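The values are calculated or read from the model by the stated rules, or taken from the named source; none is laboratory data. Quick caveat, the model's predicted, so the values are computed rather than measured. Virtual Cβ from ideal backbone geometry, glycine too; neighbours counted across all protein chains shown.
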Amino acid sequence: MTADRFYIDGAWVSPAGGETMPIMDPAEDALIGTVALGSAADVDRAVKAATHAFESFGLWPKADRLALLRRIRELTAARKEDLAQAMCREMGAPITMAREMQAEAGIGHADGFIEALEGQEERWQLSNGDKMTREPIGPVGLITPWNWPINQIALKVLPALAAGCPAILKPSEFTPLSAQIYAEILHEAGVPPGAFALIHGTGPEVGDALARHPGLAMVSFTGSTRAGISVSKSAADTVKRVTLELGGKSPNLVFADCGAALADRVRYAVSECFLNTGQSCDAPTRLIVERACYDEVVEIATAAAQDTQVGDPKQEGDHLGPLYDQIQWERVQALIAAGIAEGARLVAGGPGKPDECPRGWYARPTVFADVTPEMTIAKQEIFGPVLSILPAADEAEMIALANATEYGLAAYLQTGDPARAERVARRLRAGAVHINGGGLGWGTPFGGYKASGNGREGGLLGLEDYQEVKSLHFGG
């Protein structure tokens, strides 16, 4: 399994340099291939091709762009299993979940952007008689993470192509195989030469070169808040547009008025926190519980964590896979140790690997109770299967605790009172509020407040990030 070539100007080409890194299977801690690492010279080559392609691709009519999106959607569905198998191997996503969520995202986001582009008005008139048009912003650089590879690639590549923007993609160097398959899909779909490029490489090398390049009009980044700040600084000198989808420490508020549904709501909360082995930026990792039902919630959450299975991602079923590499495993272990040292009550899981998974980078599904706001595990993004439960006296305190974070990507809310749901959701400083298990539909914009980034991905707002608005003023 090698990813030793880049896709530039409509062809698979050799990198400018010879540096490589291993592709590892986190379930076995075993080498499964190598990936070539690019350089600024590769970025220059791709930008040159994108600049040339923009002269024609940027003028494609909407009908042609829609036809391209529909072909991409069809081919993504045809290669869904290939995408799922690649993500299972390179990042340890359990195969059932890799099919139903990870690979499915490439299809679902295509549907969302097709609908958005179909409904978007690209030329309209103001009441004063002036006319307005939407145009592609120009060639763009796209930097995506390893935790939801195709989800994030689709959320960036598809709106760029939908708008008429040539796109240069730097996927995570840890998940190159799924990105390579997606590039093959785009090639077969008929994306014109230069309108899409794939360059593997590290953030400090290829990512920074994209952010700094004067030939790019925009850079879109998904990853850690620390890295997003670096991208913004690198992009500042060329005054390009920057969109960021960054970290999170999402709260999940559980009210005693859930009544008979409480057990289901809490078990959902635990499973949502542990989804993708906790490696999701919007995971509800802080369970903020009304004191009136606190003891019962802790008991339910403990049992739910103990019932959570961990195992081989290549096996079908509803279980967690490994963390994606040793560095992440060690970071999660350090944060679990910090929770214990700072006095949180460990009620499930804990340090070390599950007994049934001695090889690979597996973590134990872990729950802490009696967590206080100043503890490290209540503040830092863990990116592992670790849930922190915090008690609160009433609605006002629960809202205050929920908002007491630098992040604002998502929030979750469990209540049996519709009026309370609306009232509390209005007060939560987050880009999305999931109420009583509600999920995010394809085509709904996704993004956050505060240190969780700026801009939106998905749907009409995600498409507009790749467009400029021009006013036309006609004389007599």
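Some values worked out for this structure:
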| read-out | value |
| --- | --- |
| Close pairs from region 361-388: first outside the structural domain of residue 272 (by TED's automatic domain parsing) and under 14 Å from residue 283 (Cα atoms), partner surrounded by fewer than 24 Cβ atoms within 10 Å (Cβ to Cβ) and of a type in the set (A, V, I, L, M), Cβ under 7 Å, at least 6 apart | none |
| Residue ID - surrounded by the most Cβ atoms within 10 Å (Cβ to Cβ), chosen from residues in region 445-461 that are out of contact with any strand residue (DSSP E or B) (no Cβ under 8 Å at 6 or more places or on another chain) and touching a residue at least 60 places away in the same chain (Cβ under 8 Å) | 459 |
| Residue 433 more than 22 Å from residue 249 (Cβ to Cβ), out of contact with any Gly (no Cβ under 6 Å at 6 or more places or on another chain) and at pLDDT 95 or above | no |
| Any chance residue 132 is modelled with pLDDT of 95 or more, in the same structural domain as residue 465 (by TED's automatic domain parsing) and under 16 Å from the mean Cα position of the chain (by Cα) | no |
| Output for region 22-60, where each listed residue is of a type outside the set (Val, Ile, Thr), surrounded by fewer than 16 Cβ atoms within 10 Å (Cβ to Cβ), closer than 18 Å to residue 173 by Cβ and touching a residue at least 40 places away in the same chain (Cβ under 8 Å) | 29 |
| Looking only at region 425-471, and only at residues there that are among the aliphatic types (A, V, I, L, M) and in a strand (DSSP E or B), the one that is nearest to the chain's Cα centre (by Cα) | 432 |
| Identity of the residue in region 1-31, hydroxyl-bearing (Ser, Thr, Tyr) and modelled with pLDDT of 95 or more, that ends up farthest from residue 86 (Cα to Cα) | 14 |
| Residue among 410, 393 that is assigned by TED's automatic domain parsing to the domain that holds residue 299, under 29 Å from residue 308 (Cβ atoms) and hydrophobic (A, V, I, L, M, F, W, C) | 410 |
| Helices (runs of 4 or more DSSP H) wholly inside region 151-256 that include at least 3 residues being surrounded by fewer than 23 Cβ atoms within 10 Å (Cβ to Cβ) | 176-189, 225-236 |
| Residues of region 320-349 that turn out to be more than 14 Å from residue 364 (Cα to Cα) and without any contact (Cβ under 8 Å) to a residue 60 or more places away in the chain, as a count | 9 |
| Any hit, region 72-91, residues being within 18 Å of the chain's Cα centre (by Cα), surrounded by 20 or more Cβ atoms within 10 Å (Cβ to Cβ), assigned by TED's automatic domain parsing to the domain that holds residue 21 and of a type outside the set (A, V, I, L, M, F, W, C) | yes |
| Residues that are of a type in the set (A, V, I, L, M) and surrounded by fewer than 16 Cβ atoms within 10 Å (Cβ to Cβ), drawn from region 1-12 | 1, 11 |
| Residues of region 379-394 satisfying the condition of being in a loop (DSSP other than H, G, I, E, B), aliphatic (A, V, I, L, M) and surrounded by 15 or more Cβ atoms within 10 Å (Cβ to Cβ) | 382 |
| Members of region 207-220 found to be within 19 Å of the chain's Cα centre (by Cα) and over 18 Å from residue 42 (Cβ atoms), listed by number | 218, 220 |
